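Below: the structure, in structure tokens.
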């Protein structure tokens, strides 16, 4: 039979309220009583009820993780970093998904998290003004990963700079007809990776005096989306020699499409992705790598600091991680210029 708080109180000769205060380190308990309660609780093997502790303290010691999906590499990796950081601090994670299909996605509903979490981590979602107000109505810290949301803490990369880095790599190899596979065109949020990565590609081509007409397609950040988009690019522009895919998963799909046309990746058509996916090395994919695990861990640490009253409000924090080029055989000098 499990030991209850009443059992501890009876052996210690104090009230259950005193036991609760002593175990939580609250005031109005003498040091001698606190020591006695802690010793008795340990000797009896008393484990406080999580739900009872939450009711007493007003804290659930849980953080909500909100994302479109957990099946994609970035979300899963970032959440792994967040969950590890939370677990080390004695916190749990509650996953809540807002699938982007069908379009439009269902609105964010704060009631599914109200009373169940102490803070919220949102990954790769652009919230409308109404959804922002719903999030604020929870009255708790929130941090966004990957997509900047004004008024909230942010952890991510400089998506535009990463796209410039990718496109510049292809230019330096000698490519002049460079296609772009991005996310959904319907995603017009100014701070979204879709928008910022497309801007980086466009600006780099323009600075080099090169055209972009007919070279921009959407791939929905999926491998099959990248595959179909690459086929469309190859059909539309037979002079294409390189592709910048705004995610590694789309780049992997593009590799399959290029090979399916009997072309050699890195020779006939060079392909570069963006992410640093765990399978990029296996696919010999050149990529602009970002530290996804570390981004999730950083966001969780910011929320924990905010909950503990350290370092101010999470809404005031902004952390930008560096990206790095990892050159593999999927990119090389063009066979034809």
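Quick check on region 221-239: of everything there that is assigned to a loop (DSSP other than H, G, I, E, B) and surrounded by fewer than 22 Cβ atoms within 10 Å (Cβ to Cβ), which residue is nearest to the chain's Cα centre (by Cα)?
So in region 221-239, the residues assigned to a loop (DSSP other than H, G, I, E, B) come out as 221-222, 237-239.
Add one more test, that the residue is surrounded by fewer than 22 Cβ atoms within 10 Å (Cβ to Cβ), and what stays is 222, 237-239.
Numbers: 222: 16, 237: 34, 238: 36, 239: 36 Å.
Of everything passing the filter in region 221-239, 222 is nearest to the chain's Cα centre (by Cα).
This table checks each residue for (1) assigned by TED's automatic domain parsing to the domain that holds residue 298; (2) part of a helix (DSSP H, G or I); (3) in contact with a strand residue (DSSP E or B) (Cβ under 7 Å, 6 or more places away or on another chain).
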| position | (1), (2), (3) |
| --- | --- |
| 116 | yes, no, yes |
| 127 | yes, no, no |
| 135 | yes, yes, yes |
| 139 | yes, no, no |
| 147 | yes, no, no |
Go through (1) in contact with a strand residue (DSSP E or B) (Cβ under 9 Å, 6 or more places away or on another chain); (2) buried (at least 16 other Cβ atoms within 10 Å of the Cβ); (3) at pLDDT 95 or above for residue 210 and report which single condition fails. (2)
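For (1) surrounded by fewer than 22 Cβ atoms within 10 Å (Cβ to Cβ); (2) in contact (Cβ under 8 Å) with a residue 40 or more places away in the chain; (3) out of contact with any helix residue (DSSP H, G or I) (no Cβ under 8 Å at 6 or more places or on another chain), each residue gets a yes or a no:
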position	(1), (2), (3)
256	yes, no, no
261	yes, no, no
274	no, yes, no
285	no, yes, no
319	yes, yes, no
322	yes, yes, yes
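Could you check how many residues of region 204-220 are under 27 Å from residue 75 (Cβ atoms) and either over 32 Å from the mean Cα position of the chain (by Cα) or part of a strand (DSSP E or B) (or both)? Quick ask: steps written out before the conclusion?
Taking region 204-220 first, the residues under 27 Å from residue 75 (Cβ atoms) are 216-220.
Subsequent filtering for residues that are either over 32 Å from the mean Cα position of the chain (by Cα) or part of a strand (DSSP E or B) (or both) retains 216-218.
Residues meeting the conditions: 3.
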Of everything in region 29-75 that's over 30 Å from residue 110 (Cβ atoms) and assigned to a loop (DSSP other than H, G, I, E, B), which residue is modelled with the lowest pLDDT? 47
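Do we find that residue 84 is modelled with pLDDT of 95 or more, at negative phi and either in a loop (DSSP other than H, G, I, E, B) or not assigned by TED's automatic domain parsing to the domain that holds residue 230 (or both) in this structure?
Values: modelled with pLDDT of 95 or more: yes; at negative phi: yes; either in a loop (DSSP other than H, G, I, E, B) or not assigned by TED's automatic domain parsing to the domain that holds residue 230 (or both): yes.
Yes.
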With the requirement that a residue be in contact with a strand residue (DSSP E or B) (Cβ under 6 Å, 6 or more places away or on another chain) and within 23 Å of residue 288 (Cα to Cα), what does region 59-68 give you? 67
Which condition from (1) without any contact (Cβ under 8 Å) to a residue 60 or more places away in the chain; (2) more than 19 Å from residue 298 (Cβ to Cβ) is the one that residue 72 breaks? (1)
Out of all the residues in region 298-312, is one or more at pLDDT 95 or above, assigned to a strand (DSSP E or B) and within 26 Å of the chain's Cα centre (by Cα)? no
Residue count, region 150-181 (criterion: crowded, with 24+ Cβ neighbours inside 10 Å and assigned to a helix (DSSP H, G or I)): 6
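The values are calculated or read from the model by the stated rules, or taken from the named source; none is laboratory data. Remember, it's a predicted structure, so these values are computed and weren't measured experimentally. As a convention, Cβ positions derive from the backbone with ideal geometry for all residues, glycine included, and neighbour counts pool all protein chains shown.
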